[in-house]
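K.L.:
For reference, the structure I am asking about is given below.
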Amino acid sequence: MPYEPYKALYIHIPFCVKRCGYCDFTTHAIAQDDVRIDEYVEHLVIDIRRSAKAGDLSEIQTVYIGGGTPSHIGLSRLSSLLYALSVSVDLTREGLEFTMEANPESLDERMVRDIWALGVNRLSLGVQSFDDEVLKVLGRAHDASKARDAIRVALERFENVSIDLMCGIPGQSSTSFEESLREAAELGVKHISVYPLTIEPHTRFDQLVLAGELDEPDEDTEAEHMELAERVLSEYGFTRYEVASYAKPGFESRHNTAYWTGVPYLGIGRSATTMTQNGERRMRVTDGEVVDDLDRRQMEAEDLMLGMRLSRGVSDERLSKACEFIPEALAAMEELAGEGFVDHVEGRWIPTRQGWLCGNDMYSRLLELAP
Amino acid sequence: MSQASSHIDQHDPSHIRNFSIIAHIDHGKSTLSDRILEQTGTVAARDMQEQLLDTMDIERERGITIKSQAVRVNYTADDGETYEFNLIDTPGHVDFTYEVSRSLAACEGAVLVVDATQGVEAQTVANAMMAMNADLEIIPLINKIDLPASDPDRARAQIEDGLAIPADDAVLCSAKTGEGVHDLLESIVYNIPAPVGDYDAPLRALIFDSYFDAYRGVVALIRVVDGCVRKGDTIRIMQVGTETLVEEVGARKPSEIALDDLSVGDVGYLVTGLKDVAQVKVGDTITLKSRPATKALPGYRDVKPMVFTGLYPIEGDQYEPLKEALEKLALNDPALVWEPETSHALGFGFRVGFLGLLHMEVIEERLEREFGLNLLATAPSVEYHVLKKNGEMISLHSPQEMPDPSEIEHIEEPYLRVKILVPPDYVGPVMDLTNSRRGTFVNMNYLSSTTVEVIWEMPLSEMILDYFDRLKSSTKGYASLDYEMAGYKPSKLVKLDILLAGKPVDALSFIVHADNAYNRGNAIARKLKEIIPRQMFEVPIQAAVGGRVLARTTVKAKRKDVLAKCYGGDISRKRKLLEKQKEGKKRMKAIGSVEVPQEAFMAILKVDD
C-alpha cells in the first residue's frame, strides 16, 4: 500500500545563544559566527532539495522552522535556507502557513522584513514572561522590554504572531502570570501557547531540584495558572483549542493541528521527527531511528488520544470509525464520561475541565485500547 | 559423565580432610574457596568465575552465600601424598546460622577467616563458638593482608584474646592475590584430623543438605560416618522411614563426577529419585535396608522462623503460581514456612515465616525474579503470644489476628539477646540507638583495647525495624552484630490501625508498644502521605488504636496531571512516558478506590522515630 503524501514540513535549527536551565530540546549554545552553523545549514539546504526532487514536498501545506532558535543563525544563513524552501515548496499555495520561531534577543526589524519577503507568514516568539524576575529564574537571554520590542516589530509586518508563555515557575506569582497574559493580549498577538514549567531529566533545573536549590513546580499552582490562562484569555477573545494552545478565531496553528490529527509530516534536520503512514501502518522516524511503528488499531487509539487534547474533541463519526478497528472504544469513552473526563455534547466527545487538567489518565487509557 | 573413582584407597579415610570455611560476612570466604579450587587445579584458571560456589544469581550479585555447597578437591601435599579435601562452604550471614551448624557436623575442622582490616567481628565469634562446640580443629586464617589497612597483629591478638584460639600459627593470606593459600593447604593436611569411622559397621551417613532437582529427584549431600553406600543399594532414611534405591553417588569437583561408592569419611552427593524433599530430611541418617544401623546420628534441631510477613500477588490470578513457587523454594529451604492468609485489602495471599530480614529479602527477590511474580509484601512482624482472659494462649503471626482488647489478659513478645562488637568510641551511639529501641543493657566486656562486646536484651520486633542499618550508620559501619532468641516477655502492646479514606486497611496495621503508638502513628501517617500519590479525590489517612484516632494527614486531590507539549517527536516520547506511568500503576494496589503503591506496606520500616 503506498504511503500518503506529507502535508507538513518541519525544519529544526539546533542552535541557541545560550542554553536555558529548563530546556531538554536538541540544541547547542554556540556563537553566531561558528562555522558549524554554516555546515549545518548547507546540509539542510541539500536535504530540502533532495526531498523536493523525490517529490516529497509537492503537497506541503504548512512549513515550520523551529529550534533551538532559528533567529540565532542570522539573516544571511536564513536567506539561503528560505530561498531553498521557496524553490522547493509551493509557498504561494492558498492557505499555506509558514511559521518561523524567533527569540526576542535575535529578532530585529530587518530580519522581520526579510523573512516576510522570503515567504514566512507566521512568527512564533519565545517570550515566556513579561516579568524580569521570572525571566532571570528561567535564564532567558532577553528581558521584558526586549520582548515587547520584538513583538511590536513583528506585528509591523506579520498579522499572525504567536508567543509562548510559561507558568508554574518557582517564584512566579499568579499576579505576575496574569499580567503577562494581559500584556500579551493587549500587544495584539493572535496566538498564545501556555506551558507549565516541567523539570526534565538531565537539565540544570533537574540538578537544582535534586540539590534542593530550586523548588519543584507546585501542582496546585500549575493548575491554578492553567485555569487562569483560560479565564483571562477568553476575556480578550481567545479560544483554547488544545491543552496548551489559545488563538483568536482563525489563527489556530495549522501546522500543530497536523500533528494532532493524523496528518503525515516530514522532519528535516537533527532530531526532527518524520511521520509516514498509510491505511495499515504509521511510523515515526527520528535521526534514522524508528521510534514508533503502529498498526491500524494503534493508529486509531493514538488519534483518539490526540483528539481528546483538542477542544473540539472527537466526533461520533470519528469514534464509530475507530470502533471498526477497536470495538471497545465506545465503551471506554462512555466510561471516561462517567468519570468526568469527557462530555458528550451535540455529537462530539469533548474534554471537561478535569479532562483538561488531569488528561494523562484519559490519554493512557485511550492508548491502552491498542497497546 | 561417569568416571572411575580416583581417590587413594577406597576404604581408608586417613587421607581425607573434611573442613568448612567460616567467617563473618564479607571477610572473603567465597574468594578463598575460589582460590583453593584454582591452586589445587580443580578448576582451571580460565574457567574461574568469581565466587564459583555461589550458584544462585542473588548470591553472586549480593556477594553472599545462602546455601551450603560441598566440593571435593585433590591436593598433592609437600610430603608427596595426595589428599582428598572436602570443602564445605557455609553462609556467613546471621540469618543463615542454622546452615552453618549443619555443615559443621559433617567436618573435622574449620578454617576461621578473619579480615586483617576489620579484625574479629560478632559473626566470627558466633561461628568460632559453633565450631568449638562441634569439637572441630580450628585453623585461624588472617585474610586480606594485601590491603594497606591490614593489621595482622591486631587480628591475631583479637583471635587469642577474644576467642581463646591460639593464633601463633595463624595462616597469613590474601585470597585475592593467592598469597598464603599454599600454607593453608599444608596446614589443613597437618592440623585437621582424618575422619574416624568403621568401614565394616552398618552404613550411617548424615544428610547435611538436600534439594530437589527437576530431572533427578531429591539429591542429598551426605557425609558417610560408618560403612559404605553404592549405586543400586536400597537405603532407609532412619527417622522418616523412607526407603529408596540409590540411583547415583558421586562427588562435586565442582561439576558432578559419579563414583562407585561413598565410604567412611567421604563427603558427596546421593541421588534418590524421590519427589518430595520432606522424605529426605536434613539432619536425618541414611542406612542400608539390608543391614540397618541401630542408632541414628545426632540430628539438628528444627529451625524456627522469627520474622513473618504477608505476601500477596498483585494480580489475583497469581495466587496459585505464588503457592507453587513457595512450594518449590521450600523444597530446598526447610526454614521457609507459610500458611494461607486473607486480607480485606489485599485479597488472598500467604503469611510467610523467615529466619530474618535478609532471608525474607532473598526469598522475595527469588519469587519475583525466578518465578516472574509481581508481589506485595506487608511490613514484617514477629510471633506474639496473647494470653486471653479465658486462659487461652494464642500465637499471633499477623496483626490481623489480634483479639479484641477486652479479651486480652496480656501479650508477650519475643526478646533477643544481642551481642554487638564495636570500637570503644562508638559505645555511646550504640547505647542511644538500642535504648530507643526498648533495649536493656546486660553487660559489657573489653575483648581488646579496640573492641568492646556489649550485650543487650531487646525485642525482636524492634530489631526488624531497620535496627541493623541504623546500627551500621551510627557506628560508621564498625559495629557487628549477632543475636540469639532469649524467650518471651510480657509487653504493653497495642494494635495500631491505619485508615485510608475512613476505612481501616488490615494490611497496614501493625503491633506497637503502647508508649510508642502516638509517635509511630504520626510518623507513619506522614510517611504514607508522602508515598501515596494524589488521586482524583482527597484521601484522609488516619492512625488509630482501638477506635481512638491518634494522627491524621490528608493526600490532596490531584489538581493537574497533563502533558502540555505534544508536537512531532513529542508524541512518541509522551507515548513512552504514558506507558511508563501505566507500568508504575501496575505496581499499585487498588484498595477500595485508592491506588496504593507497594512501598506503602513497608512504610513502617522507613519512618524515623
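The values are calculated or read from the model by the stated rules, or taken from the named source; none is laboratory data. As the structure is a prediction and not an experimental result, all values here were calculated from the model. Cβ atoms come from the backbone with ideal geometry, glycine included; neighbour counts cover every protein chain shown. For the accessible areas, the whole protein counts, side chains as well, though only heavy atoms, and no ligand, DNA or RNA atoms are used. Shrake-Rupley method; radii C 1.70, N 1.55, O 1.52, S 1.80 Å.
K.L.:
Only one residue in B:Glu327, B:Glu315, B:Glu247 is open to solvent by 50 Å² or more (accessible area, probe 1.4 Å) and more than 30 Å from B:Phe601 (Cα to Cα). Which one?
P.N.:
Just one listed residue meets the conditions, B:Glu247.
K.L.:
Strands (runs of 3 or more DSSP E) wholly in the range B:150-269 with at least 1 residues that are hydrophobic (A, V, I, L, M, F, W, C), in contact with a helix residue (DSSP H, G or I) (Cβ under 6 Å, 6 or more places away or on another chain) and at pLDDT below 95 - which ones? Talk me through it step by step, then tell me what you get.
P.N.:
Values: elements: B:204-213, B:217-226, B:228-230, B:234-237, B:243-245, B:248-252, B:256-259, B:261-263.
Passing ranges, in order: B:204-213, B:217-226.
K.L.:
Can you tell me how many residues in the range A:4-34 are modelled with pLDDT under 95 and among the aliphatic types (A, V, I, L, M)?
P.N.:
Total satisfying the criteria: 4.
K.L.:
Would you call A:Ser271 of a type in the set (Ser, Thr, Tyr) and at negative phi?
P.N.:
Working: of a type in the set (Ser, Thr, Tyr): yes; at negative phi: no.
Spelling it out, it is not the case that A:Ser271 is of a type in the set (Ser, Thr, Tyr) and at negative phi.
K.L.:
For residues that are farther than 19 Å from A:Gln354 by Cα and either facing chain A (nearest Cβ under 8 Å) or aliphatic (A, V, I, L, M) (or both), tally how many sit in the range B:550-569. Give the derivation first.
P.N.:
Restricting attention to the range B:550-569, the residues satisfying the condition of being farther than 19 Å from A:Gln354 by Cα are B:550-554, B:567-569.
Right, trim to either facing chain A (nearest Cβ under 8 Å) or aliphatic (A, V, I, L, M) (or both) and you get B:550-551, B:567-569.
So the count comes out to 5.
K.L.:
Residue under question is A:Ser145, and the condition is that it be touching a Ser or Thr at 6+ places or on another chain (Cβ under 9 Å) and either at pLDDT below 95 or open to solvent by 10 Å² or more (accessible area, probe 1.4 Å) (or both); does it hold?
P.N.:
On the way: touching a Ser or Thr at 6+ places or on another chain (Cβ under 9 Å): no; either at pLDDT below 95 or open to solvent by 10 Å² or more (accessible area, probe 1.4 Å) (or both): yes.
In short, no.
K.L.:
Now, a different point. Given (1) buried (at least 20 other Cβ atoms within 10 Å of the Cβ); (2) modelled with pLDDT of 95 or more; (3) closer than 23 Å to A:Ala247 by Cβ, identify the lone condition not met by A:Gly355.
P.N.:
(2)
K.L.:
Same structure again: Of the residues B:Ala194, B:Ala205, which single one is within 17 Å of B:Ala106 (Cα to Cα) and open to solvent by less than 10 Å² (accessible area, probe 1.4 Å)?
P.N.:
None of the other options fit; the residue is B:Ala205.
K.L.:
Same structure again: Pairs only if they're at least six apart or on different chains, beta carbon under 6 angstrom, first in the range A:315-341 and under 14 Å from A:Arg296 (Cα atoms) and away from chain B (no Cβ under 14 Å), second of a type outside the set (Ser, Thr, Tyr) and open to solvent by 50 Å² or more (accessible area, probe 1.4 Å); list them, first residue then second.
P.N.:
That search, which allows pairs on different chains as well, returns A:Cys323/A:Leu330; A:Phe325/A:Arg296; A:Phe325/A:Arg297; A:Ile326/A:Arg297.
K.L.:
Assess whether B:Lys574 counts as being facing another protein chain (nearest Cβ under 10 Å) and more than 17 Å from A:Ala244 (Cβ to Cβ). It would help to see each step written out before you state the result.
P.N.:
Numbers: facing another protein chain (nearest Cβ under 10 Å): yes; more than 17 Å from A:Ala244 (Cβ to Cβ): no.
Here the answer is no, as B:Lys574 does not meet what is asked.
K.L.:
Applying the selection to the range A:121-137, what residues are part of a loop (DSSP other than H, G, I, E, B) and in contact with a Leu (Cβ under 7 Å, 6 or more places away or on another chain)?
P.N.:
Here is the first cut: in the range A:121-137, the ones part of a loop (DSSP other than H, G, I, E, B) are A:121, A:129-131.
Scanning the range A:121-137 gives a single hit, A:Ser129.
K.L.:
Please work out which residue is nearest to A:Gly95 (Cα to Cα), limiting yourself to the range A:244-267 and to residues that are in contact with a Leu (Cβ under 8 Å, 6 or more places away or on another chain) and open to solvent by less than 10 Å² (accessible area, probe 1.4 Å).
P.N.:
The selected residue is A:Tyr265.
K.L.:
Hey, among B:Tyr478, B:Tyr426, B:Tyr488, which residue is among the hydroxyl-bearing types (Ser, Thr, Tyr), on the phi < 0 side of the Ramachandran plot and assigned to a strand (DSSP E or B)?
P.N.:
Working: B:Tyr478 fails: assigned to a strand (DSSP E or B); B:Tyr426 fails: assigned to a strand (DSSP E or B).
Checking each option against the conditions leaves just B:Tyr488.
K.L.:
Same structure, new question: What number of residues in the range B:535-558 are touching a residue at least 24 places away in the same chain (Cβ under 8 Å), in contact with a helix residue (DSSP H, G or I) (Cβ under 8 Å, 6 or more places away or on another chain) and surrounded by fewer than 19 Cβ atoms within 10 Å (Cβ to Cβ)?
P.N.:
So the answer is 6.
K.L.:
If only one of A:Arg270, A:Arg240 is of a type outside the set (Ser, Thr, Tyr), part of a loop (DSSP other than H, G, I, E, B) and buried (at least 16 other Cβ atoms within 10 Å of the Cβ), which one is it?
P.N.:
Values: A:Arg240 fails: part of a loop (DSSP other than H, G, I, E, B).
Matching residue, one of A:Arg270, A:Arg240: A:Arg270.
K.L.:
Taking the conditions exactly as written (open to solvent by 20 Å² or more (accessible area, probe 1.4 Å), over 30 Å from A:Thr261 (Cα atoms) and in contact with a helix residue (DSSP H, G or I) (Cβ under 7 Å, 6 or more places away or on another chain)), does A:Val35 satisfy them or not?
P.N.:
Taking the combined requirement at face value, the residue does not satisfy it.
K.L.:
How many residues are within 12 Å of chain B (Cβ to nearest Cβ) and assigned to a loop (DSSP other than H, G, I, E, B) when one looks only at the range A:243-253?
P.N.:
3
K.L.:
Give me a count of the residues in the range A:254-277 that are under 13 Å from the mean Cα position of the chain (by Cα) and away from chain B (no Cβ under 11 Å).
P.N.:
Number satisfying all stated conditions: 1.
K.L.:
Looking only at the range A:294-311, filter to residues that are part of a strand (DSSP E or B) and more than 10 Å from every other protein chain (Cβ to nearest Cβ); which one of those is most open to solvent (accessible area, probe 1.4 Å)?
P.N.:
So in the range A:294-311, the residues part of a strand (DSSP E or B) come out as A:294-295, A:310.
Imposing the further condition that a residue be more than 10 Å from every other protein chain (Cβ to nearest Cβ) reduces the set to A:295, A:310.
Numbers: A:Asp295: 72, A:Leu310: 8 Å².
Of everything passing the filter in the range A:294-311, A:Asp295 is most open to solvent (accessible area, probe 1.4 Å).
Residue-by-condition table, conditions (1) modelled with pLDDT under 95; (2) open to solvent by 50 Å² or more (accessible area, probe 1.4 Å); (3) part of a loop (DSSP other than H, G, I, E, B):
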site	(1), (2), (3)
A:Leu165	no, no, no
A:Ile169	yes, no, yes
A:Arg182	no, yes, no
A:Ser193	no, no, no
A:Pro201	yes, yes, yes
A:Val209	yes, no, no
A:Ala223	yes, no, no
A:Val232	no, no, no
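K.L.:
Determine, yes or no, whether A:Glu280 is of a type outside the set (A, V, I, L, M, F, W, C), buried (at least 23 other Cβ atoms within 10 Å of the Cβ), away from chain B (no Cβ under 12 Å) and touching a residue at least 12 places away in the same chain (Cβ under 8 Å).
P.N.:
On the way: of a type outside the set (A, V, I, L, M, F, W, C): yes; buried (at least 23 other Cβ atoms within 10 Å of the Cβ): no; away from chain B (no Cβ under 12 Å): yes; touching a residue at least 12 places away in the same chain (Cβ under 8 Å): yes.
In short, no.
K.L.:
On to the next question. If only one of B:Gly569, B:Gly521, B:Gly584 is more than 39 Å from the chain's Cα centre (by Cα) and open to solvent by less than 70 Å² (accessible area, probe 1.4 Å), which one is it? Steps first, answer last, please.
P.N.:
Details: B:Gly521 fails: more than 39 Å from the chain's Cα centre (by Cα); B:Gly584 fails: more than 39 Å from the chain's Cα centre (by Cα).
After ruling out the rest, the residue left standing is B:Gly569.
K.L.:
Given A:Arg113, A:Arg122, which one is of a type in the set (Lys, Arg), in contact with a helix residue (DSSP H, G or I) (Cβ under 7 Å, 6 or more places away or on another chain) and assigned by TED's automatic domain parsing to the domain that holds A:Asp143?
P.N.:
Details: A:Arg122 fails: in contact with a helix residue (DSSP H, G or I) (Cβ under 7 Å, 6 or more places away or on another chain).
After applying the criteria, what remains is A:Arg113.
K.L.:
Among residues belonging to the range B:147-182 that are of a type in the set (Ser, Thr, Tyr) and farther than 20 Å from B:Leu421 by Cα, point out the one that is most open to solvent (accessible area, probe 1.4 Å). Outline the logic, then answer.
P.N.:
Just the residues of the range B:147-182 that are of a type in the set (Ser, Thr, Tyr), to begin with: B:150, B:174, B:177.
Add one more test, that the residue is farther than 20 Å from B:Leu421 by Cα, and what stays is B:174, B:177.
On the way: B:Ser174: 0, B:Thr177: 90 Å².
Result: B:Thr177.
K.L.:
Still on this structure, please answer the following. Can you confirm whether B:Lys527 is assigned to a helix (DSSP H, G or I), modelled with pLDDT of 90 or more, open to solvent by 20 Å² or more (accessible area, probe 1.4 Å) and more than 30 Å from A:Met166 (Cα to Cα)? Lay out the reasoning, then the answer.
P.N.:
Values: assigned to a helix (DSSP H, G or I): yes; modelled with pLDDT of 90 or more: yes; open to solvent by 20 Å² or more (accessible area, probe 1.4 Å): yes; more than 30 Å from A:Met166 (Cα to Cα): yes.
Yes: the conditions hold for B:Lys527.
K.L.:
Restricting attention to the range A:159-217, which residues are over 15 Å from A:Phe130 (Cα atoms), within 14 Å of chain B (Cβ to nearest Cβ) and of a type in the set (Asp, Glu)?
P.N.:
A:Glu200, A:Glu216
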